[in-house]
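Scroll down for the structure; my scribbles are underneath it.
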């Protein structure tokens, strides 16, 4: 997903799920919006491939972390909206905590004095 | 992923497409807003979306239960492979259908007869108790459950406290007549003690069971079983409280038993209290054995301690009646085994035979599969080289055998439905206390069989064919002479086992068949051809005096003798070969008195009319037959069998001497004649017998009539019955059969086991033959090039024929050797079922060896001959 991070598919797969959940915390959104929000908030460092986005959304739905419904988009077009569920919210908290610990640990190993959050080299 | 998603994959895919469509539209709109041309906006959006197909595939995969998907694909593949060679598929499926069908049928019967609990309250605490004689001669054939005397039962019940309760019953037979001219009939009845139904936990559907006060001699209450209630009384509950006539005497129906209660046999129609049908003094006898005792164990009291109390009482009885046949001991018997009577052993043997056949069927399918997998060796090698996992390949091949077994199994279960019904109706000795039918357990058994057979048949060839190194397999061509050694070794190994099992089956079948033929050719001791037999019983109300009985009998016999086509007529209590009947002890006044503890002389009890012996053509050896003057209570005459004369009058002339049976009053009976021996049951040795004049009168009023005719005896059965009806329209007759049928009935069990095992054995022989033929044909194909070269180099055709034959016969001979050894061991198990045949009968073993070698030779000859006739040019070009 990351422009510079092809080698880390395994780790990044988990982070995509987490980021989708994070995006949905501000309100229901459809696929296009989710991708756009992730790209914009990452200052266009991360580009969400649709090939990963949709299977990820379906996977999250399977696990009951998001629910979906068909609605009208901002431009009044038919779109499938996703909403964060209660278990999804708990999952987000869990994953965020784990992610913070992980990045801090990696940061320490890499000799960073200052703690970074969410940055990938 | 979950099954839910699996089954709505299509819908999910459609949704995804729609979703991506909406993404495109959004993106295009956004791009256009940024000032791109319509064309460029669309292109950029598509670039952004990427490969739509890939996303769909991704999701599809994500929603798939992958193992199930693979299984489905393998199934499809296997079905197509099988469809490509329908001949093979058909043979394999038929083989499996026959094997699984037979196994399922037998299991159904075994389950119904031996495994299912009886429909009583807490059946596991019920036990049957028999008397047990200690002397060795009673224990020769390992079966010593002697029915109980009434007085013994009463003593057991009154003097011991180890059991919760004990019930008792014995067989009886009644003439059932109606008040308003309904047809008379002979019904099988059981006289059961009043406490038997509460003991078993059986509730009547209508009315009540017997009360304690009703269980006395001359009691006049009865219960109906469900079958007679439905059949004769149209299921009308108002019969309860009304009267029926049994042997001319009115009995009040007090209750109707439920349909589920068919103990001890489904043919029972009427129940009466235990003491009701017999004279009062009969209940005092310690040496009249005919009753069956059922006891319910007391919680907390072990069977051993309860039995030891009963045994102690019985031993006291024995000591008090030293010369009478009163057993020393008692023995318990499981109620299910008790009901299964004589069929347990044949059933187990048939079950073994069917397992053998199933094994052969599986081996055969395995053998055929090995040949097919050999043809696909290259394909397997290529796929292995391309990275296919061994497990995947094995799974794929297994699928084929599973499919065969599945198809065979379904056909087999259908087959077994009708086969079971046929078996249950044709096998008369099967106890029918519970219906025999297919249930869930049986179906589960069939499914298990299918899976086991499928695995057995598929696993071996699959593992063998995938284990080879890729390199060797790709290098090997059929040009490498001799084919692949391990593969043919495996096939030959399978074949050897198959033939060995076949030989075991053949030996078993041969022994059973020989024993059956022996039985069939047994000399009964009389001329059994063209004799019609039937039974009737004169009730004691209408025929209250001996004169009336004699008048009826003599009038009937005279009328029958006058009928055209009738040669001679005999009347007696029981005919030769028709069963044990009963026996009695006696003393011989001319001999010194017996020492205490000596067994009293004992002989079968029979009655006979003056024409009995000449009509049945039983030879007179000494003295004379009865005459019409040997009648009424003062005719103290008896005729004895040659066996009795030999056993109890060795070196003496018995004629003129006397026998003194204490059971018939205090009289000496003069021996007036000695007649030839007859056997009471085919397969049993002869036993001493004594015949009393039927005209002299006797408590037993059951008679058997035998009519010797000029032509087909059954053709005369209606005129004979009309003569009886003309004399007494209320007298029913029973068991209208030819004497040959009567004797044949006792052979039924033997003929049944022999026929079925023989059928299995022949089928196995055919299967083994097909296997042999298949292996050799396959070997020949593999060695085509080699053979072609040999012929081109000048090999003699006879030499080639011999080469191929030896190759094919080797597994047959190995298998035969193994099978003969196995057969010698296995036949020990059936030794007790054999009559006049030793388990290691040389004739049977020789015939089996000869037959197997001959059949194997024939099976090998065809491919071997073809090999020797090869055209070398064609053979070499074929590759």
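Kindly indicate whether any position in the stretch B:48-60 is on the phi < 0 side of the Ramachandran plot, facing chain A (nearest Cβ under 9 Å), surrounded by fewer than 18 Cβ atoms within 10 Å (Cβ to Cβ) and not in a helix (DSSP H, G or I). Checking the stretch B:48-60: at least one residue is on the phi < 0 side of the Ramachandran plot, facing chain A (nearest Cβ under 9 Å), surrounded by fewer than 18 Cβ atoms within 10 Å (Cβ to Cβ) and not in a helix (DSSP H, G or I). Could you grab me the full set of residues in the stretch B:147-189 that are free of Cβ contacts under 8 Å to residues at least 24 places away in the same chain and either in contact with a helix residue (DSSP H, G or I) (Cβ under 6 Å, 6 or more places away or on another chain) or crowded, with 17+ Cβ neighbours inside 10 Å (or both)? Across the stretch B:147-189, the qualifying residue is only B:157. For the stretch B:63-74, the set of residues classified as crowded, with 17+ Cβ neighbours inside 10 Å and part of a helix (DSSP H, G or I) consists of B:74 only.
Can you pull out every residue in the stretch B:317-338 that is assigned to a helix (DSSP H, G or I) and touching a strand residue (DSSP E or B) at 6+ places or on another chain (Cβ under 9 Å)? Can you show your working first?
Taking the stretch B:317-338 as the starting set, the residues that turn out to be assigned to a helix (DSSP H, G or I) are B:317-320, B:335-338.
Across the stretch B:317-338, the qualifying residues are B:318, B:335, B:337, B:338.
Residue count for the stretch B:293-320 satisfying the condition of being surrounded by 14 or more Cβ atoms within 10 Å (Cβ to Cβ) and under 29 Å from residue B:660 (Cβ atoms): 4.
Taking the stretch B:220-265 as the range and being in contact with a helix residue (DSSP H, G or I) (Cβ under 9 Å, 6 or more places away or on another chain), part of a loop (DSSP other than H, G, I, E, B) and within 19 Å of residue B:194 (Cβ to Cβ) as the test, the residues that pass are B:220, B:257, B:258, B:261, B:263, B:264.
Checked against (1) under 12 Å from the mean Cα position of the chain (by Cα); (2) more than 11 Å from every other protein chain (Cβ to nearest Cβ), residue A:85 passes all but a single condition, namely (1).
Of all residues in the stretch A:43-71, count the ones that are more than 10 Å from chain B (Cβ to nearest Cβ), surrounded by fewer than 22 Cβ atoms within 10 Å (Cβ to Cβ), farther than 16 Å from residue A:92 by Cα and touching a strand residue (DSSP E or B) at 6+ places or on another chain (Cβ under 9 Å). Residues in the stretch A:43-71 being more than 10 Å from chain B (Cβ to nearest Cβ), surrounded by fewer than 22 Cβ atoms within 10 Å (Cβ to Cβ), farther than 16 Å from residue A:92 by Cα and touching a strand residue (DSSP E or B) at 6+ places or on another chain (Cβ under 9 Å): 3 in total.
Test of understanding: among A:34, A:106, A:38, which residue is at pLDDT 85 or above, within 14 Å of another protein chain (Cβ to nearest Cβ) and more than 19 Å from residue B:16 (Cβ to Cβ)? Walk me through it before giving the result.
Values: A:34 fails: more than 19 Å from residue B:16 (Cβ to Cβ); A:106 fails: within 14 Å of another protein chain (Cβ to nearest Cβ).
The conditions single out A:38.
All of (1) within 25 Å of residue B:366 (Cβ to Cβ); (2) buried (at least 19 other Cβ atoms within 10 Å of the Cβ) hold for residue B:87 with one exception: (2). Against the test of being on the phi > 0 side of the Ramachandran plot and out of contact with any strand residue (DSSP E or B) (no Cβ under 9 Å at 6 or more places or on another chain), the options B:248, B:300 yield a single qualifying residue, B:300.
When residue B:69 is tested against the conditions (1) in contact (Cβ under 8 Å) with a residue 12 or more places away in the chain; (2) under 25 Å from residue A:64 (Cβ atoms); (3) more than 11 Å from every other protein chain (Cβ to nearest Cβ), the lone failure is (1).
Being within 30 Å of residue B:367 (Cα to Cα), assigned by TED's automatic domain parsing to the domain that holds residue B:495 and surrounded by fewer than 22 Cβ atoms within 10 Å (Cβ to Cβ) narrows it down to one residue among B:758, B:767, B:776; which is it?
Exactly one of B:758, B:767, B:776 is within 30 Å of residue B:367 (Cα to Cα), assigned by TED's automatic domain parsing to the domain that holds residue B:495 and surrounded by fewer than 22 Cβ atoms within 10 Å (Cβ to Cβ), namely B:758.
Consider the stretch B:711-725 and keep the residues that are over 35 Å from the mean Cα position of the chain (by Cα) and free of Cβ contacts under 8 Å to residues at least 12 places away in the same chain. The one that is nearest to residue B:176 (Cα to Cα) is B:725.
When residue B:599 is tested against the conditions (1) assigned to a loop (DSSP other than H, G, I, E, B); (2) at pLDDT 90 or above, the lone failure is (2). Going through B:44, B:18 one at a time, which residue ends up being part of a helix (DSSP H, G or I) and within 9 Å of chain A (Cβ to nearest Cβ)? That would be B:18, the only listed residue that is part of a helix (DSSP H, G or I) and within 9 Å of chain A (Cβ to nearest Cβ).
Quick check on this structure: which one of B:853, B:818 is assigned to a helix (DSSP H, G or I), in contact (Cβ under 8 Å) with a residue 12 or more places away in the chain, buried (at least 16 other Cβ atoms within 10 Å of the Cβ) and outside the structural domain of residue B:359 (by TED's automatic domain parsing)?
Values: B:853 fails: buried (at least 16 other Cβ atoms within 10 Å of the Cβ).
The match here is B:818.
In this structure, residue B:82 does not qualify as assigned to a helix (DSSP H, G or I), within 30 Å of residue B:759 (Cβ to Cβ), away from every other protein chain (no Cβ under 14 Å) and modelled with pLDDT of 85 or more. Per this entry, residue B:275 is counted among residues that are in a loop (DSSP other than H, G, I, E, B), crowded, with 18+ Cβ neighbours inside 10 Å and modelled with pLDDT of 90 or more. Being within 23 Å of residue B:350 (Cβ to Cβ) and either in a helix (DSSP H, G or I) or modelled with pLDDT under 90 (or both) is the requirement here; does residue B:806 meet it? The answer is no for residue B:806. Set side by side, the residues A:57, A:16 differ, and just one is modelled with pLDDT of 85 or more and over 20 Å from residue B:45 (Cβ atoms), which is A:16.
The values are calculated or read from the model by the stated rules, or taken from the named source; none is laboratory data. Note that the coordinates shown come from a computational prediction; the quantities given were computed from them, not determined experimentally. Positions of Cβ are backbone-derived with ideal geometry, glycine not excepted, and every protein chain shown enters the neighbour counts.
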